[in-house]
Amino acid sequence: MSGRVFEATSPVDGRLLKTYRETAIDQIGQRIATARQAAEIWAGYSIERRLAALSPLRDRLATDIDSISDRLAGVTGKVRTEILLGEIYPLLHMLDYYGKHAAAILAPQAVSTSALMFPDATAGYEYKPYGVVAVISPWNFPLQLTLYPLLSALIAGNGVVFKTSELSLPIGELIVELFAALEIPQGLVQWIIGGPEAGRQLIEQRPDLVFFTGGLNAGRSVMNQAARHPIPLILELGGKDAMVVFADAYQERAVNAALYGAFSNSGQVCVAVERLYVEDSLYLPFVERLCEAVVKLTLGQDGEGDAGPIISQQQLAVIEAHYHDALAKGARASGPLQRNGNYLRPVILWNVNEDMRVVKEETFGPLLPVMVFATEQEAITRINRCEFGLNASVWSRDLDKAQRVAEQLSVGNWAVNDLLKNIGHAGLPFGGIKNSGFGRYHGAEGLRSFTYTVSGMVNRGRLKREPNWFPYTEQGYKELRSYVDFVFGSGTWLQRMQRNWPALLAMRQYAGFYLRQYWRNFLCLISRRHY
């Protein structure tokens, strides 16, 4: 790399915040190596010790909310309420959840063993950290979407090298400051400065796991590059999330939810409502209420502002293209696309169909297309045609119907009569399917995603040979065949024992080992040990 200088500017007013020089290629390799050395020390810590070392970060996030919010507001343009609820609160909730549950989630697990094939043996598996995790994060939630996977990786015992978006470099610097105050092995957390090329070079230096959050095309590039080495990866990509409103829904709640779901962070949210399906008998009244409500939303960053600016000219161009394509194909709009600097006034679109870009492609902006459906099955079919599958919500007073529909949607996450905040639940795994990516983070499954599983078995037996060892004989085959029939064959336990009794008697030399094996399995399972 050439030593390019990046200028961090605020989307609010375009002012220059700071300049940053990109990380040289040789430095990226050095930082991977440094993080790996530190990770070897860190992995030797107990989970309780890791959590204790990270706990001052939780205290800092909780006590310095205003100063952290101010820095995020300048970099992202977000309003303070969204920073509090979308950037800071999820991290505090996650640290609290893992503080209580991480040790149990990552504890070794005992597994029962077959007495025939594993006489006098115990078995189980444990979770081990990969080593160094590369976290490549986006600009829309630069603190939360960097720290959530970063902290998950650390709690699981890894070191981390992270790269924030070139549009949010001051937040990368903030994260470095936060970790500088912690008593953790030196070099455990490293920061890379740069654009897409820096991300490619980071993967080229062969970390042990890649966690990427971003758009579909960038995700494909990351996946192709990681596959060459190969390096396992978790991809959290875009969405085109649907909201389904039945005629029996609580209308005022659903209208307010649709506005929040579509226009939170000015629509720059991977789980934003980008497709709204309304049952035919409610469709026109619902559109009318949306149009009445959307004009009341305010733009700005003061305490009363609802929506901040769009992050970049590139994103503004995408939103404008989707808007004009929809109108050219027959859609109607609640108003013109009003732009003031980087601020865009939210717009409701109706008379919309699936041939429009605003329905097919991720907009990532303040446009809400509304469509009509007649039956449950029609809604399900049309929603599932989409190439994305991240999140969805279903709205109805009939909870059985709503859940029935939600469970048939091809998504990784869903909610009934609520939206967006289901992904912030620290105990629920989060991730997508189809072009929304693969892998999970959050919850128990998500924490384990930052580890690999190692299984082991200990045999305490002193038999000269196992039943399956050489030499093979015809008689031995018959005895083993009878044993298999006794264990897995048809009929009652008594019937199986009666028809296989001669062979079972022939294998009585193993009986004592079998009894000890069952007893040891029982003790291991209740004590969660496997050795």
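The values are calculated or read from the model by the stated rules, or taken from the named source; none is laboratory data. Since the model is a prediction, treat every value here as computed from it, not as a measurement. Quick reminder, even Gly has a Cβ in these numbers, built from the backbone with ideal geometry, and neighbours come from all protein chains shown.
Miscellaneous remarks
- When we screen Thr63, Thr34, Thr19 for residues that are of a type outside the set (Lys, Arg), touching a Gly at 6+ places or on another chain (Cβ under 6 Å) and more than 26 Å from Cys270 (Cβ to Cβ), the only hit is Thr34.
- Residue list for the range 320-345, restricted to those being more than 14 Å from Val287 (Cα to Cα) and either among the polar types (S, T, N, Q) or in a loop (DSSP other than H, G, I, E, B) (or both): Lys329, Gly330, Pro336, Leu337, Gln338, Asn340, Gly341, Asn342, Arg345
- Residue count for the range 413-427 under the criterion of being closer than 14 Å to Tyr89 by Cα and either outside any loop (DSSP other than H, G, I, E, B) or aliphatic (A, V, I, L, M) (or both): the result is 6.
- When we screen Val176, Val161 for residues that are at pLDDT 95 or above, among the β-branched types (Val, Ile, Thr) and either on the phi > 0 side of the Ramachandran plot or not in a helix (DSSP H, G or I) (or both), the only hit is Val161.
- Residue-level check: of (1) in the same structural domain as Arg382 (by TED's automatic domain parsing); (2) modelled with pLDDT under 90; (3) not charged (D, E, K, R), Met497 misses just (1).
- Contact map, the range 2-31: residues that are at positive phi and outside any strand (DSSP E or B) paired with residues that are surrounded by 15 or more Cβ atoms within 10 Å (Cβ to Cβ) and charged (D, E, K, R), Cβ distance under 9 Å, separation 6+ or inter-chain. Pairs shown: Gly3/Glu22.
- Tabulated pairs, the range 415-432, first not assigned by TED's automatic domain parsing to the domain that holds Asp400, second among the small types (Gly, Ala, Ser) and in a loop (DSSP other than H, G, I, E, B), C-beta under 8 angstrom, 6+ apart or interchain: Phe430/Gly412; Gly431/Gly412; Gly431/Gly439; Gly432/Gly239; Gly432/Gly412
- Checked against the criteria, Tyr97 counts as surrounded by fewer than 20 Cβ atoms within 10 Å (Cβ to Cβ), within 20 Å of the chain's Cα centre (by Cα) and in contact (Cβ under 8 Å) with a residue 12 or more places away in the chain.
- Qualifying residue in the range 354-362 (condition: buried (at least 17 other Cβ atoms within 10 Å of the Cβ), farther than 30 Å from Thr298 by Cα and over 29 Å from the mean Cα position of the chain (by Cα)): no
- The single condition among (1) buried (at least 17 other Cβ atoms within 10 Å of the Cβ); (2) hydrophobic (A, V, I, L, M, F, W, C); (3) not assigned by TED's automatic domain parsing to the domain that holds Arg397 that Val484 does not meet is (1).
- Candidates Pro471, Pro429: the one that is over 30 Å from Pro149 (Cβ atoms) and not aliphatic (A, V, I, L, M) is Pro471.
- When every residue of the range 455-464 is checked against the conditions, none turns out to be of a type outside the set (Phe, Trp, Tyr), part of a helix (DSSP H, G or I), in contact with a Pro (Cβ under 9 Å, 6 or more places away or on another chain) and surrounded by fewer than 18 Cβ atoms within 10 Å (Cβ to Cβ).
- Residue list for the range 356-389, restricted to those being free of Cβ contacts under 8 Å to residues at least 40 places away in the same chain and either assigned to a strand (DSSP E or B) or among the basic types (Lys, Arg) (or both): Arg357, Arg385
- Filter result for Pro207 (assigned to a helix (DSSP H, G or I) and either touching a helix residue (DSSP H, G or I) at 6+ places or on another chain (Cβ under 7 Å) or closer than 14 Å to Ala39 by Cα (or both)): no
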